[in-house]
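See structure below.
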Amino acid sequence: MQTKLSSGLFLALLLFLFPDPVQAQSNLNDAPFYDPVALYLTWQNDPTTTMTIDWHIIDEDRTILEYRLPGGSWSDAIAATAIDFPHSARTIHRVELTRLEPGTVYEFRFGESSKVYNFRTMPADLSKPVRAAIGGDTMHRKRWMEKTARQAMKFDIDFVMIMGDLAYADGLPPEQQRQRDTQNPRVENQWYSFFDAYKNTLITDDYRVVPMIVTIGNHEVRGGYYTRDDRRPDDPPYSDTNEWKQTVAPYFFSLFASPGLPGYGVLDFGDYMSLILLDTDHVNPVENQNEWLRNVLSERAHIPHIFPGYHVPAYPSVRDYNDEVQARVRNNWVPLFERYNVDVVFEAHDHAYKRTHPIRDGRISHNGVVYIGDGAWGTETRIIGSRQSHDSWYIAEAASERHFILMTLHGTHRHFKAISSTGEVIDEFPGLNRTN
Ligand SMILES: [Fe+2]
């Protein structure tokens, strides 16, 4: 009784001193408030009515989540699914909330005396603008990932989408990551740094956590590509099984609920946007996704905004146009994008910014598909065309700059702006919607 009374008086005193609840929480956080070592939000199902919340714990017993509308009462405790964090003392805990209201803020916490975070579900329609920060290749260095993210957070973004090469951990245990990592040799664990950077930057001052959507890249996979024969000697040869995919990309399939196995998927935002998350030969051959991709596109002819996203670009800004994976993407997927009138595709991997002209049938066409990328959120940048043996006829704009792409959707309209990590506008274009 004595303790309860004391803590009640203590809280009353704090509320008197800090009437702003955000400030009060901030001050309380220093000592008694529980805050998980890592926190990550994404979606496995419709972002207008669901949210997937991951938090990482070390040895504390924080395995439940509660949520509420602001000012409402807390839900019953929801027990998390525990998932092994490979080669780590941490454990991933995951809860998917479903049957939420669109366009609504929810608070959540990890039991009593926990820091209270919040998220907002995506709106039911595009009667108001929706904004996202798009990019790839996030973390040669943690501080570069954070710097670009801070620029993105100036725009009240609804989510971030990263097209692969997230933490540059290469599917390896930390000691082997360190051996390979000439960029940043003192990092304890690339994934710890990645989630630190996320938590340091993709949470607003009022504790709104911004969800992230990812695709797989070569640096998520031992050897990078399913075709590689220089994979570590103890790794099994390629087979189209979940077991093999989890063996060569152990972190990707543990740390990210989406796209999950088999490594590609589609996320439908109500009936206004679909993001198609593809795998460019990392754990799934490009051509193995053709039939699935054709079905996904044909079933979504009525959706005004359809954006495929993947790691290795069909139209590279730095590497050679005739490199193997790039050519396979052009031969297999590009005809489907053109047939189903996709307007804009997101690419990465080359560590530069690029926007192509609209392309159809291998040439510039007003009726073509625009490819934007090329993955330099937090990496060293490369010189445009430096690995090209041919004229890059398809490039409309390019820059060796770390950047993100701010996408704004409003009704059937869309707008793209490439913004550098120092806040300068590199490029801007309307991304015309041919269905208008
Ligand atoms: Fe890459």
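The values are calculated or read from the model by the stated rules, or taken from the named source; none is laboratory data. Since this is a predicted model, take the numbers as computed values, not measurements. So basically every Cβ, Gly included, is an ideal-geometry build from the backbone, and we count neighbours across all protein chains shown.
Observations, loosely collected:
- Only one entry of 261, 255, 275, 297 meets the criterion of being surrounded by 18 or more Cβ atoms within 10 Å (Cβ to Cβ), farther than 23 Å from residue 130 by Cα and more than 16 Å from the ligand (Cβ to nearest atom), and that entry is 255.
- The C-beta contact set for segment 244-269 (first residue assigned by TED's automatic domain parsing to the domain that holds residue 213, second residue part of a helix (DSSP H, G or I) and among the aliphatic types (A, V, I, L, M), distance under 7 angstrom, 6+ apart or interchain) comprises 266/296.
- The residues of segment 196-245 that are farther than 23 Å from residue 258 by Cβ, polar (S, T, N, Q) and away from the ligand (no atom under 16 Å from the Cβ) amount to a single one, 239.
- Residue within segment 409-418 that is buried (at least 16 other Cβ atoms within 10 Å of the Cβ), outside any loop (DSSP other than H, G, I, E, B) and in contact with a helix residue (DSSP H, G or I) (Cβ under 8 Å, 6 or more places away or on another chain) present: no
- Residue match in segment 89-98 (condition: within 24 Å of residue 155 (Cβ to Cβ), touching a strand residue (DSSP E or B) at 6+ places or on another chain (Cβ under 7 Å), basic (Lys, Arg) and surrounded by 17 or more Cβ atoms within 10 Å (Cβ to Cβ)): no
- Residue match in segment 374-394 (condition: in a strand (DSSP E or B), out of contact with any helix residue (DSSP H, G or I) (no Cβ under 9 Å at 6 or more places or on another chain) and not hydroxyl-bearing (Ser, Thr, Tyr)): no
- So residue 281, is it assigned to a loop (DSSP other than H, G, I, E, B), more than 16 Å from the ligand (Cβ to nearest atom), of a type in the set (D, E, K, R) and farther than 25 Å from residue 305 by Cα: no
- Residue tally, condition in a loop (DSSP other than H, G, I, E, B) and either of a type in the set (Val, Ile, Thr) or buried (at least 17 other Cβ atoms within 10 Å of the Cβ) (or both), over segment 99-114: 3
- Members of segment 371-399 found to be in contact with a Pro (Cβ under 6 Å, 6 or more places away or on another chain) and of a type in the set (Gly, Ala, Ser), listed by number: 373
- Hey, residue 76 modelled with pLDDT of 95 or more, loosely packed, with under 14 Cβ neighbours inside 10 Å and touching a helix residue (DSSP H, G or I) at 6+ places or on another chain (Cβ under 9 Å) or not: no
- Pick from segment 378-387, criterion more than 12 Å from the ligand (Cβ to nearest atom) and not β-branched (Val, Ile, Thr), ranking: modelled with the highest pLDDT: 378
- Enumeration of residues in segment 104-119 that are out of contact with any Lys or Arg (no Cβ under 9 Å at 6 or more places or on another chain) and of a type outside the set (Ser, Thr, Tyr): 112
- Hey, residue 372 modelled with pLDDT under 95 and buried (at least 17 other Cβ atoms within 10 Å of the Cβ) or not: no
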